[in-house]
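Have a look at the structure below, then the notes.
The values are calculated or read from the model by the stated rules, or taken from the named source; none is laboratory data. What you are looking at is a predicted structure, and each value in this text was computed from that prediction instead of being measured. Here the Cβ is made from the backbone with ideal geometry for all residues, glycine too, and neighbour counts use every protein chain on show. Accessible surface is based on the protein model in full, side chains and every heavy atom, while ligands, DNA and RNA are left aside. Shrake-Rupley method; radii C 1.70, N 1.55, O 1.52, S 1.80 Å.
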Amino acid sequence: MQATTKLIHSIPVDELTGAIAVPIYQTSTFEQEAPGVNKGFDYSRSNNPTRKTLENLVAELEHGEFGLAFASGLAAIDAVVKLLESGDEIVAVDDIYGGAFRLFEKVYKKFGINVTYVDTTKVEEVFNAITPKTKLIWLETPTNPTLKISDITAIAKLAKQQNILLCVDNTFATPVLQNPLDLGADIVVHSATKYLGGHSDVIAGVVVTKTKELGEQIKFYQNACGNILGPFDSFLLIRGIETLHLRVKEHSRNALAVATFLESHPAVDKVFYPGLKSHPQHELAAAQQKAFGGVVSFTLKNDTEEAAAAFVTSTSLFKLAESLGGVKSLLCHPAQMTHKSIPADKRRANGVNDSLIRLSVGLEDANDLINDLKQTFETLENQNSKLKNQKTAA
Ligand SMILES: *Cc1c(COP(=O)(O)O)cnc(C)c1O
């Protein structure tokens, strides 16, 4: 059976009523026949039928043994870090999601967990950063917003040799394009807010583990700390995941068309998209992923914050907003938005130039999206030449 068919039918029909769609069990507690005797559910923080369906579904999606759903992507990341103890160390990708960086540096550091950030596109840099205290390697591939690709198989081998857990944040690739557990990772996390949800209407996170034991350890923290996903949001996520395969294919197709257009435009300096031959890890991406995803970043020849700000406020279909992975196309200016808290020189060293613009390519028609970008370049070009004329006239 094909993955799509299996996925759709792994969402069970409701046993009690035959309902085809998953019922929203909006209940905090469950009647017990005798103290401790119940139908598998006693209190919704510990277990809820709607959340359970979602958790089984994401485990299936990521080819893991155990799935867990959390109130946000960061709550999912937080639950994984709780496996560590004071004195343990993490080796993490340098181009890490800003919120994960803040969690590591502002929360876990004060509990004695230290993180070393390295360029994980170079396996030897990961190797060199490992110490006897390293308990976890943290990857994102592709990264945000420069779409760097790391070799999951090679790093998993390294981690296994040294008895270190490997966790991959698979938000950008999605399980449709990449399954890190099959490549040797122990844990996968997602900001389900992005492609899994897919409709810009829910904040959620998931964790999937390769083994049941590891899943049960993290489930202990899910219940003990309580940052679970509610039944209604679990329902929305299941509904999103039902069309994940279709959406991700189309996002990838549209993004490749947009990236190809941008690469040919004279006002554009660099395009970051793993599907382009010009991407430094294109071959690795082609081997590791089924397609290249829906996020495209680019820089302008006029590499200034002002030029990027003018661009992101002049498009009409691409809406200026944080986040990604939804039906509607979005764009953002990391230097002034998602990466504002990172010092400018550190940000630039990671390839996030002042003019870098990140696109979340949605599900509109690709030609309409390209025309929107084309018109924006033209409008800005006209404004610039008018300004120049005024200056020469004066
Ligand atoms: C958005 C995002 C997160 C955080 O997820 P939230 O759902 O916003 O808490 C983590 N990792 C990546 C790669 C993200 O894009």
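What the table below lists for this structure:
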quantity	calculated
Test: residue in segment 364-375 that is open to solvent by 30 Å² or more (accessible area, probe 1.4 Å), free of Cβ contacts under 8 Å to residues at least 40 places away in the same chain and basic (Lys, Arg)	no
Single residue of segment 226-235 satisfying the filter (part of a helix (DSSP H, G or I) and away from the ligand (no atom under 13 Å from the Cβ)) that is surrounded by the fewest Cβ atoms within 10 Å (Cβ to Cβ)	Phe232
Residue within segment 344-353 that is farther than 22 Å from His279 by Cα and of a type outside the set (Gly, Ala, Ser) present	yes
Close pairs (9 angstrom Cβ cut-off, 6 or more residues apart or separate chains): on the phi < 0 side of the Ramachandran plot in segment 266-294, basic (Lys, Arg) and part of a loop (DSSP other than H, G, I, E, B) anywhere	Pro266/Lys301; Ala267/Lys301; Val268/Lys301; Asp269/Lys301; Phe272/Lys148; Pro274/Lys148; Pro280/Lys148; Gln281/Lys148
Residue list for segment 5-35, filter: part of a strand (DSSP E or B) and of a type in the set (Ser, Thr, Tyr)	Thr29
Residue check for Glu62: exposed (fewer than 15 other Cβ atoms within 10 Å of the Cβ) and either of a type outside the set (S, T, N, Q) or within 16 Å of the ligand (Cβ to nearest atom) (or both)	no
Considering residues of segment 334-352 that are of a type in the set (Gly, Ala, Ser) and open to solvent by 50 Å² or more (accessible area, probe 1.4 Å) only, the residue modelled with the lowest pLDDT	Ser341
Every residue from segment 178-201 that is among the aliphatic types (A, V, I, L, M) and crowded, with 22+ Cβ neighbours inside 10 Å	Leu181, Ala185, Ile187, Val188, Val189, Ala192, Leu196
Restricting segment 202-225 to residues that are within 16 Å of the ligand (Cβ to nearest atom) and either part of a helix (DSSP H, G or I) or touching a residue at least 40 places away in the same chain (Cβ under 8 Å) (or both), the residue that is most open to solvent (accessible area, probe 1.4 Å)	Ile203
